[in-house]
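First the structure, in the form of structure tokens, and then the observations on it.
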């Protein structure tokens, strides 16, 4: 997508990109996947959590640690997704329900 997409938690911008991949699948909400270079990785702490999706593969998670508080497992990535999902390999996505997502055309 060439739209500018930002993720904020409070006033802090966690991600800001014009190079997101928008993934829509079935009844799930659409998700923006961000290149790591556009994510403030200093706020992310790797989690032990892993989930499996039959369509995308195994996801690993990060928590956001900000101002002494944490949002657990709010960020995920498919490091080695199934072949048909290769465009999102290594990109990061956020639970929009737990952060503020802003999209500008």
message: Just to be sure I understand the filter: pairs with C-beta atoms under 7 Å, separated by 6 or more residues or on different chains, first member in the stretch 87-99 and at negative phi and free of Cβ contacts under 8 Å to residues at least 40 places away in the same chain, second member surrounded by fewer than 19 Cβ atoms within 10 Å (Cβ to Cβ) and part of a strand (DSSP E or B). Which pairs pass?
response: 98/71
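Within the stretch 71-93, does at least one residue satisfy the condition of being more than 18 Å from residue 23 (Cα to Cα), surrounded by 13 or more Cβ atoms within 10 Å (Cβ to Cβ) and at pLDDT below 95?
Step one: filter the stretch 71-93 for residues more than 18 Å from residue 23 (Cα to Cα), giving 71-73.
When the remaining residues are screened for being surrounded by 13 or more Cβ atoms within 10 Å (Cβ to Cβ), the result is 71-73.
If we keep only those that are at pLDDT below 95 as well, we get 71.
Checked the stretch 71-93: at least one residue is more than 18 Å from residue 23 (Cα to Cα), surrounded by 13 or more Cβ atoms within 10 Å (Cβ to Cβ) and at pLDDT below 95.
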- prompt: Does the stretch 23-38 hold any residues that are over 13 Å from residue 101 (Cα atoms) and touching a strand residue (DSSP E or B) at 6+ places or on another chain (Cβ under 9 Å), and which are they?
  reply: 23, 24, 25, 35, 36, 37, 38
Scope the stretch 61-100; condition more than 18 Å from residue 15 (Cα to Cα) and in contact with a strand residue (DSSP E or B) (Cβ under 6 Å, 6 or more places away or on another chain); matching residues: 81, 82, 87
- request: Answer yes if at least one residue in the stretch 8-20 is touching a residue at least 24 places away in the same chain (Cβ under 8 Å), under 11 Å from the mean Cα position of the chain (by Cα), surrounded by 14 or more Cβ atoms within 10 Å (Cβ to Cβ) and part of a strand (DSSP E or B), and no otherwise.
  value: yes
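The values are calculated or read from the model by the stated rules, or taken from the named source; none is laboratory data. Remember, it's a predicted structure, so these values are computed and weren't measured experimentally. When we count neighbours, we look across all protein chains shown, and the Cβ atoms used for this are built from the backbone with ideal geometry, even at glycine.
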